[in-house]
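The values are calculated or read from the model by the stated rules, or taken from the named source; none is laboratory data. This structure is a prediction, so every number in the text was calculated from the model and none was measured. As a convention, Cβ positions derive from the backbone with ideal geometry for all residues, glycine included, and neighbour counts pool all protein chains shown. Calculation scope for accessible area: heavy atoms of the full protein, side chains included, ligands and nucleic acids excluded. Shrake-Rupley method; radii C 1.70, N 1.55, O 1.52, S 1.80 Å.
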Amino acid sequence: MSAPSKFLGAETPEDREQIIRLPESIDWDSHIIATYFIKQPTRDPWRLIGGIALEQSTGTWIRVPAETWEVREKYAAKVVGAYEIPNLFQLPIPEETRTFIVQIAYPVENIPTDISGLLTAVVGNISMAASWNQAVKLIDLWLPKVWVEDFKGPKFGIEGVREILKVPKRPVINSMIKPCSGITPDVHAKLFYEAAAGGVDIIKDDELLSVQKYCDPLERVTRCREMIDKAESEKGEKTLYTVNITTRLDKLMDLAEKAIEHGANALMLNSAAGFEALRMLAEDPSIKVPLLFHPAVWGTYSSHPYQGMAYWVTAKLARLCGCDLQLFPSYYGKFPGWTREVNVAIFSTLRTKFYHIKRSFPGAGGGIHAGMVELAIKDWGLDQQIPAGAGVHGHPMGPRAGAMSIRQAIDAAMQGIPLDEYAKDHKELKAALEAWGYVRTPEDAAKIFDLKA
């Protein structure tokens, strides 16, 4: 049995009545409600759970004189739900580790309307109180309207991006230039043109390509702007280029504005830059183009089963801060450990109603090719990006054919025609299926992933 929690918790009846509350006893409109998964070997869960609430609001490991009853009543976080799974709040008390779902209400007065303040409050110190056999993980956030009102959210969202592209219904294709890095602006632009001419709607830089000297972002924009116009004159369709402007925070806004001056019609930011960097771009009136937020570092605080915060929480915060386009791994792609259940949660988080905040355009990617399109549409419907990098640029017939194969797969799926049947009259789709297979079901995807492993 581990030592008891060193957090000062619900020590006395008076402590407990101040910190442990009925949900009806607080004003939900003036509190942020954080939901946690907690796993601890403990005989005193109320002390532990109450200690977490105090650690993240007014308390520390001892009661200090200035933490008066009045201070606690107004500013201390309150436990409004604690549910053991399975229900063991009864004898005999087990010796082994116990698991809980806990809801803690934080007064909005404690938390500035910025993401750094929010995360410090709801996952701050307690994020360091977990290990491989003990958990304190944030699994959901309920944000009251009064707190969210300060955020503007996406400028465009799903509907706005569709309006720019003149694509009212079908899924849009988002292709990332491959190779990820190591190419000049000229090579980059040639690959861009082939993908755009083949029917890709959005073309993004890889997250690894940002402000390298050998492929300057402003040079990329200038050359790709020419390719956008050339491809549009040929295919009669718009193309967005999300140029990656991730850089030092003090240079970010200047680079964003220069990229737009050079012809950028969309921008991309890596999540490593932070939520507030995204918000700065999204809320600045000079940035009048859609923003793509790439989740490259989210795994550092979401993938651990017992620490950090759930992926759908990070997705919600990105939507709140203004991303129009959001990518994340697909359970049938190349990233191990991803499940369909996580994808369902993220898609719902980005597309369902959220006060005045517009919907973000979701895209589940990572190893996606034409043979997976039918499954993607069955799973996620039409309001999605279909991200494909190597599935376009690694196509046996070249990137233009790779783009065409995905458009053909979308057409087939929307008409209810099996891909292998549609491929009989569409050589680009046929070549993709022959190269990478036809993923009809989640079970098919699992088999392909096992082969990769």
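Numbers for the structure displayed
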{"read-out": "Carbon and sulfur %, accessible surface of region 99-231 computed with the full protein complex present, 1.4 Å", "value": "56 percent"}
{"read-out": "Protection proxy ranking, peptides 382-389, 261-268, average beta carbon neighbours within 10 Å, highest first", "value": "382-389, 261-268"}
{"read-out": "Cβ-Cβ FRET estimate between ARG21 and VAL344, R0 fixed at 35 Å, reported to 0.05", "value": "0.65"}
{"read-out": "Coarse-grained scattering of region 124-211 at q = 0.16, 0.21 Å⁻¹, given as base-10 log I(q)/I(0) from a Debye sum over alpha-carbon atoms", "value": "-0.87, -1.00"}
{"read-out": "Cβ-based charge dipole, region 345-414, positive-most Cα from THR349, HIS369, LEU382", "value": "THR349"}
{"read-out": "Descending principal axes extents, region 357-446, alpha-carbon based, whole Å", "value": "42, 25, 25"}
{"read-out": "Peptide ranges 412-425, 169-182 listed from the most packed, as the mean C-beta count within 10 angstrom indicates", "value": "169-182, 412-425"}
{"read-out": "Binned Cα-Cα distance frequencies in region 206-273 - 5 Å width, integer %", "value": "3, 18, 28, 24, 14, 8, 4, 1"}
{"read-out": "The chain, accessible area per residue, ligands and nucleic acids excluded (1.4 Å, Å²)", "value": "43 Å²"}
{"read-out": "When the chain is reduced to its Cα atoms, the Kirkwood hydrodynamic radius in Å", "value": "23.7 Å"}
{"read-out": "C-alpha center-to-center spacing [region 117-171, region 303-382] in angstrom", "value": "12 Å"}
{"read-out": "Nearest-20 debye value, the chain charge dipole, Cβ charges on Lys, Arg, Asp, Glu", "value": "720 debye"}
{"read-out": "Highest to lowest packing among 197-209, 29-41, scored as the average C-beta count within 10 Å", "value": "197-209, 29-41"}
{"read-out": "Over the chain, relative contact order from alpha-carbon pairs under 8 Å, at least 6 apart, %", "value": "15 percent"}
{"read-out": "Rounded percent of accessible protein surface that carbon and sulfur make up, region 314-453, 1.4 Å probe", "value": "55 percent"}
{"read-out": "Listed residues GLN134, ALA435, ILE49: farthest to the positive end of the dipole of the chain (Cβ charges)", "value": "ALA435"}
{"read-out": "Value at 222 nm in deg cm²/dmol, rounded to 500, when DSSP H runs of n ≥ 4 in the chain each add -39,500 (n - 2.57)", "value": "-11500 deg cm²/dmol"}
